[in-house]
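Here is the structure we will look at.
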Amino acid sequence: MSCILAIDPGPIQSAYVQWDGEKIEGFGLEVNDNVLDLVSLVSCAPKNMVIEQVRSYGMPVGATVFDTVFWSGRFCQAWPNEFHQMPRLKVKQHICHDSRAKDSNIIQALVDRFAYGVRNKGKGTKPEPGFFYGFKKDIWQAFALAVTWHDQNYG
């Protein structure tokens with residue numbers, strides 16, 4: 001099974017998760033320059049990178065959206081192997097089976113799948129870390145991206 005690097009890009013910082021389909025090999029929420037450096041130094045040598053694709057739905061967008069698109073392009077350009085883009089709508093439909101799902105719905109669906117019945121959303125504690133120990137903010141969304149890519153290509 002191939003390891004996946006999933007990135008949820010942002011205008012200033014981006015979340016990433018390295019996952020081999022069973023074990024999370026690495027994750028973080030870093031400033032974009034650090035993520036750019038990481039792209040070529042990932043520990044599990046993934047062959048595939050999947051990045052959330054920015055899509056327009058007809059509404060006006062601001063500078064932060066264009067900055068996010070800029071960084072997405074830089075990450076893809078720096079990646080030495082095959083990369084893929086996946087729109088957020090596809091992730092919502094796969095993880096929650098509903099295009100109207102919010103971040104909280106996606107998080108709960110991931111907890112139900114990977115840490116069912118574990119309190120604290122599967123994070124555990126420092127002495128007893130759980131599957132999602134250390135997860136925060138957009139790291140959840142990067143993991144949802146990795147899970148969706150994995151399920152649709154290896155599942």
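Any read-out appearing in this document is the output of simple, stated calculations on the displayed coordinates, not a laboratory observation. Predicted model only: the values in this text are computed from it and were never measured. Positions of Cβ are generated from backbone atoms using ideal geometry, with glycine treated the same way; all protein chains shown enter the neighbour counts.
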Quick one: net charge of residue 2's neighbours, Cβ under 14 Å, K/R +1, D/E -1?
-> -3
Amide H neighbours of residue 28 under 5 Å, at least 5 residues apart or on other chains, H built in the peptide plane: list them.
-> 16
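For region 19-143, what is one quarter of the convex hull surface built on the Cα atoms, given in nm²? Numbers along the way, then the final one.
Values: hull surface 35.2 nm².
With the hull built on Cα positions only, its mean projection is 8.8 nm².
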Whole-Hz Karplus ³J(HN,Hα) for region 121-136, in order, using 6.51 cos²θ - 1.76 cosθ + 1.60 and θ = phi - 60°, x for Gly and Pro?
-> 6, x, 7, x, 10, 4, x, 10, x, x, 4, 9, 4, x, 5, 7
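Given a Förster radius of 22 Å and the C-beta distance between residue 57 and residue 137 as r, what FRET efficiency does 1/(1 + (r/R0)^6) yield to the nearest 0.05?
On the way: r = 23 Å, r/R0 = 1.04.
For residue 57 and residue 137, the calculated efficiency is 0.45.
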With point charges of +1 on the Cβ of Lys and Arg and -1 on the Cβ of Asp and Glu, referenced to the Cα centre of region 38-155, which listed residue (131, 58, 85) lies farthest in the positive direction of the dipole?
-> 131
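Calculate, in nm to one decimal, what residue 66 and residue 152 gain on full extension: separation in residues at 0.36 nm each, minus their alpha carbon distance. Can you show the working numbers first?
On the way: separation 86, 0.36 × 86 = 30.96 nm, distance 2.84 nm.
Fully extending the segment from residue 66 to residue 152 adds 28.1 nm.
Mind listing which chymotrypsin sites (Phe, Trp or Tyr not before Pro) in region 30-87 are in a DSSP loop and have 12 or fewer other Cβ atoms within 10 Å?
On the way: sites: 57, 66, 70, 71, 75, 83; in loops: 57.
Filter output for region 30-87: 57.
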Scoring only Lys, Arg, Asp and Glu (+1, +1, -1, -1) among other residues with Cβ under 15 Å from the Cβ of residue 128 yields +4
Under the definition of Cα pairs under 8 Å and six or more residues apart, what whole-number percent is the relative contact order of region 4-154?
-> 28
Environment charge at residue 145 (Cβ cut-off 12 Å; Lys +1, Arg +1, Asp -1, Glu -1) | -1
What trypsin sites (Lys or Arg not before Pro) in region 1-83 are in a loop by DSSP, with at most 13 other Cβ atoms within 10 Å of the Cβ?
-> 23, 47, 55
Label-point separation (nm) for residue 104 and residue 116, each offset 7 Å from Cα along Cα-to-Cβ?
-> 2.3
